[in-house]
Structure formats: C-alpha cells, structure tokens
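Here the structure comes first, spelled out in structure tokens, and everything after it is commentary.
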Amino acid sequence: MKRESSGSRMELLYPDSNTFKVDVPSPCCLVIFGASGDLARRKLVPSLYRLNKNKTLPDKFFVLGVGRTEMSIDTFRESLKLGVKEAFPRDFDETSWSEFVVKLQYSIVDYSIMETYVRSVKERLVQLEEEYNTGGSRIFYLAIPPTQFRSVITNLGETGLAKEEKGYTHIIIEKPFGRDLETAQELNRFIEKYFAEHQVFRIDHYLAKETVQNILMFRFANSIFEPLWNRRYIDSIQITATETLGVEKRAGYYEEAGIIRDMFQNHMLQLLALTAMEPPVAFEDEWVRVEKYKVFRSIRPIPLGRLDEHLVVAQYGKGIISGEEVPGYREETGVSNDSITPTYSAMRLFIDNWRWNGVPFYLRSGKRLHRKMTEIAVRFRAVPHLMFSKIMSDDIEPNSLVFKLQPDEGISLTFQTKSPSSRMSLNPVSMQFSYQKDVLLDAYEWALLDCMFGDQTLYWSQDGVEATWALLTPVLKMLEATLSPEQIPTYPSGSDGPKEAALLLKRDGRTWRPLGV
Ligand code: BG6
C-alpha cells in the first residue's frame, strides 16, 4: 500500500487492482419480468453486459426478457443496447456487445393470465435451455411494480416454475417488500406458498455496494477498532444518504412511499445494522443475517407521544440545484398539490443492548439536497480531561471515523496534531484511505453474481424485513393520521435540509456533519 503525504493529509491509496478476482458461476439463465422497463434497461442489462465482457458470467447463459409490450427481438435488443451505452459509456464496445446480444431473448406475457406463462415462459425456457445448454438452473427477477408481484408469483407457482428440478430456482424481488408490517407479511405468505426461503433473494442494492460490504471487513478484520466500538468510546453515530435528484418520473410510486419507506425501511437501517451488529459466527449469509436481525430487534421503539424528539419529516420546495432552478415537490408532475409525502427525514434512534446503550444513532436522508453523499460517521468521545485547558481557549474536536460510501469512496480518520511552529495549538488532520475511482463491480453486478452462487449475504431475510417494518409502521401510521399539508415543514431544493433537523441534534448538544461542498 502506497502512502502519500500532502500537507496535513496522509493518503493511503489502494494497491494495484490486478489482484482482483471473482469466481464464475455455473451455467444458468435469468428471466427478467418487466424486461421492457426502466430497471432492466438502466441497471440489470448493463450489469450483465459488463459481467459478460469481463468473463464473469458463465459461457452457457441466456436472458429471457419477459414483458407485456409487443416488440420484435431486434427492437428489444436495440433498446437495451442504448441502455448499456448510457450506463457504461466507457465500457461499451461493439465486439463485446455482439458477443453478449445473442444471449438476449424476449417473450410477451400477460402477467395475469396463467396460460401465457406456460407458452411464453415454461415451454420457451425448456427450448432455450436446450439451445444454450444451460442445464436447469433458473433465476426469476421481478423488475415489475409491486402491484404485480402477487399474480406473477402465483402464476410461477401454479405452473410449476418455482420448483427446483434440474438445478436451482431463485427468485429476486425488488423493494418495496410491502408498505407496512401487515402487507409485508401478506406478500411473504404468497412467496412462501411456492418458494422456500433459500430460493428468495430480496434485493437491497445498497448492501451490494463495494464500500458498504467493506464495513464488515473493516470492523472484523482489524483488531484496533473493535475494542473501541461501543458506548464507552463512541459518542454518537451519524448515517447520511442525501441526493440532489428529485422524484423524477417516479411520482406514482413515490407519492405512496415517501422517504421513510423508500430509504429508511431498507438502505438506512441496513447501514445502521452493519455498523452496530455483533461479529457473526462466520462470514456466511445465515450468520450475518442473524446478527443484523438482532440489531433491528434491539432498536428502541420510537415513542409516538414524543415523536418530535426523534423524528423530523419535510418536503422539498423549489430552489436551485447545480445552478438550475428546480420545482418544489408539490409542483412535480404526478404529485398532488396538497401532498403530505415526506421527501426528507431525520431520525434519532437508540439500540437497547449492552454495546450501544445510550449512544444516539442519527439518520438523515432526503431528496433535492445540495449534495449527493452517503456516509457513516462515527464520533468518538472527547478526551476525559483536557490538560491543555490553561493554554487553549477552545475545546478540541473529538476523533471521528467516517466511512464514505459515495462519492469519493473511502475511509477517513481524524485526529489532533500539534500545529507546526506554534507553542500550543492543535490542528485536526485526517488520514484517508481512498478506493480507486472506478469501483470494480457495481452493486447490481455483485447482487446478480451472488444470486447465481446462492449466497444471500447481500439480501434481506424476511425476519429482517418484518423487524424493520415493525419499528416503522406505527410511526408511519401516526404521521399519516396527523400530518396536514400546511403543517409539513419544507426546505429549499439545494439546501442542507429543514431547520427542524438541526434542532433534533441541538437538543442533544450536537450538530450534523456538513454535507460538504
Ligand atoms: C433507491 C430509491 O432504492 O435508492 C431511490 O428508491 C433512491 O429513491 C436510490 O434515489 C438511491 O440509490 P443510490 O445508489 O443512488 O444512492
């Protein structure tokens, strides 16, 4: 590892990337429901293209795109080609595309009519499996709106497609997994009627981000931090995921979801669990998921009678993002002009266990803020006695350790040093580890590969889904029953968020970390 020094910053740069290797899964096929949709075009197929280009997909492999839209195979392939070019412009080349495109097939299915599954999925798969010699391992990816989950799952089950006969059968489900505890349990009842838990892969693309996976390695492969990782040495933890984007073309979904369902029930609480969990018995899916579940179960229920001490929600108003004027949430296409859907939330949570008792976890996430940034900042306690107090007027900044998840992925540790040439003046400096600019596998590439290997570490367990909904459902119900369009705070687009969020921490004598420049 190379060490560079520049002024007061020390940089630990990541070593040569050539050492990077991933295994290649055994032959299989991927059936994408919703193949003419946005997710397939922007994320799934570009990821598969890159995996294929980098020889990390099995040679014997094909994709059967399934959709309701009538189109020829050429139109289907052409629209995906554009998607790949947009997603990975630097990775696109015609030779790799021509090697990949022959693996893309398309079938039209009416999701609610079982006979079409027999003809367009079941029989087609048998024929394609023979043609591509993939054996019988199949992955079904539901890249469709949640309103269609039920009929697709039922029809897959009733036509016998959920069975594992000549290989594995996995199903990947995109969030939202329900919209509250009850609907999440109901959805699961449908799934478990046809699929066993080992077949079900509930995707959370945050978990598959390289830097998120690194949290566990950092915590459990280094001995110097874990002894400090508890209430004795840690003052508080801040988890931030902010975006500059607004609701874009997803108002239909977002109006029903809002920030708590869209970001907290899944990504934010997963980040919290990775930060707070105990070491698992082994780095294996079942053990990691057990430890995360224990964290979810230990989060203290948010007291509904004192919601304002624990929760802030707000909506973006109009403002300026990157020099451009942007509309407020209620002016966006598809959003009702008296919507109470929050686009920002800040939460103050506590974990009731021996390790974390009394340590606040502050979580915040929002759309249309002035910077896209995801990080976990661990703030250590101040020194117990300030022996410099006679010669220094200010308190000194305690140490902090920050996992920068995006952008500028890396880890930084700040500490105090004596300022050169001064009698007694301290200066906070940071030691930085930076991931290389280009992360080698993106989140969907990791997630797809892991599903092919049958590894559920990066996926949600149903227990986890239910525990997080159990925490948030009462809060959501309370908000929906009490918020009024006049009451919900707003924040200007391009700002750091609502002033109410600052008050949440001020009460505890703390402040949010700046969102940076
Ligand atoms: C998705 C949410 O899960 O995550 C989106 O539905 C959000 O609303 C996105 O924009 C953020 O993901 P990322 O990877 O861009 O931080």
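The table for this structure:
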quantity	calculated
Condition broken by residue 307, with the remaining ones in (1) under 18 Å from residue 473 (Cβ atoms); (2) within 16 Å of the ligand (Cβ to nearest atom) satisfied	(2)
Residue ID - farthest from the chain's Cα centre (by Cα), chosen from residues in region 55-91 that are surrounded by 15 or more Cβ atoms within 10 Å (Cβ to Cβ) and in a loop (DSSP other than H, G, I, E, B)	71
Residue satisfying condition, being more than 16 Å from the ligand (Cβ to nearest atom), more than 29 Å from residue 143 (Cα to Cα), free of Cβ contacts under 8 Å to residues at least 24 places away in the same chain and surrounded by fewer than 18 Cβ atoms within 10 Å (Cβ to Cβ), within set 337, 353	337
Pick from region 272-283, criterion farther than 26 Å from residue 340 by Cβ, out of contact with any helix residue (DSSP H, G or I) (no Cβ under 6 Å at 6 or more places or on another chain) and touching a residue at least 12 places away in the same chain (Cβ under 8 Å), ranking: nearest to the ligand (Cβ to nearest atom)	275
Residue ID - nearest to the ligand (Cβ to nearest atom), chosen from residues in region 156-176 that are assigned to a strand (DSSP E or B) and within 20 Å of residue 146 (Cα to Cα)	174
Residue list for region 287-319, filter: of a type in the set (S, T, N, Q) and not in a helix (DSSP H, G or I)	315
The listed residue being more than 23 Å from residue 216 (Cα to Cα) and of a type in the set (Asp, Glu), out of 375, 397	397
Any chance residue 144 is in a strand (DSSP E or B) and within 16 Å of the ligand (Cβ to nearest atom)	no
All helices (runs of 4 or more DSSP H) inside region 437-517 with 1 or more residues being farther than 23 Å from residue 366 by Cα	443-453, 462-482
Residue count, region 205-219 (criterion: more than 16 Å from the ligand (Cβ to nearest atom) and touching a helix residue (DSSP H, G or I) at 6+ places or on another chain (Cβ under 7 Å))	2
Checklist (1) in contact with a strand residue (DSSP E or B) (Cβ under 8 Å, 6 or more places away or on another chain); (2) at pLDDT 95 or above applied to residue 196, failing item	(1)
Any hit, region 312-322, residues being exposed (fewer than 15 other Cβ atoms within 10 Å of the Cβ) and hydrophobic (A, V, I, L, M, F, W, C)	yes
All positions within region 284-319 that are in contact (Cβ under 8 Å) with a residue 12 or more places away in the chain and of a type in the set (Val, Ile, Thr)	288, 295, 299, 302, 312, 313
Any chance residue 221 is at pLDDT below 95, surrounded by fewer than 20 Cβ atoms within 10 Å (Cβ to Cβ) and touching a Ser or Thr at 6+ places or on another chain (Cβ under 7 Å)	no
Single residue of 150, 202, 189, 179 found to be within 16 Å of the ligand (Cβ to nearest atom), among the charged types (D, E, K, R) and farther than 24 Å from residue 283 by Cβ	179
Residue that is nearest to residue 211 (Cα to Cα) [pool: residues in region 232-247 that are outside any strand (DSSP E or B) and within 11 Å of the ligand (Cβ to nearest atom)]	243
Strands (runs of 3 or more DSSP E) wholly inside region 320-421 containing at least 3 residues that are under 24 Å from the mean Cα position of the chain (by Cα) and among the aliphatic types (A, V, I, L, M)	344-349, 373-380, 400-406
Flag if residue 51 is touching a helix residue (DSSP H, G or I) at 6+ places or on another chain (Cβ under 7 Å) and over 22 Å from residue 137 (Cα atoms)	no
Qualifying residue in region 239-253 (condition: crowded, with 20+ Cβ neighbours inside 10 Å, of a type outside the set (Val, Ile, Thr), touching a residue at least 12 places away in the same chain (Cβ under 8 Å) and within 21 Å of residue 356 (Cβ to Cβ))	yes
Yes/no for residue 343 being crowded, with 20+ Cβ neighbours inside 10 Å, within 16 Å of the ligand (Cβ to nearest atom), touching a residue at least 40 places away in the same chain (Cβ under 8 Å) and closer than 21 Å to residue 497 by Cα	yes
Any chance residue 208 is hydrophobic (A, V, I, L, M, F, W, C) and in contact with a Leu (Cβ under 6 Å, 6 or more places away or on another chain)	yes
Any pair with Cβ under 9 angstrom, 6 or more apart, that starts in region 212-232 at a residue that is under 17 Å from residue 434 (Cα atoms) and ends at one that is of a type in the set (Asp, Glu) and surrounded by 15 or more Cβ atoms within 10 Å (Cβ to Cβ)	214/409
Residue list for region 248-258, filter: of a type in the set (A, V, I, L, M) and more than 8 Å from the ligand (Cβ to nearest atom)	251
Conditions (1) at pLDDT below 95; (2) more than 19 Å from residue 240 (Cβ to Cβ); (3) buried (at least 16 other Cβ atoms within 10 Å of the Cβ); number of the one not met by residue 465	(1)
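The values are calculated or read from the model by the stated rules, or taken from the named source; none is laboratory data. Source: prediction; values computed, not measured. As a convention, Cβ positions derive from the backbone with ideal geometry for all residues, glycine included, and neighbour counts pool all protein chains shown.
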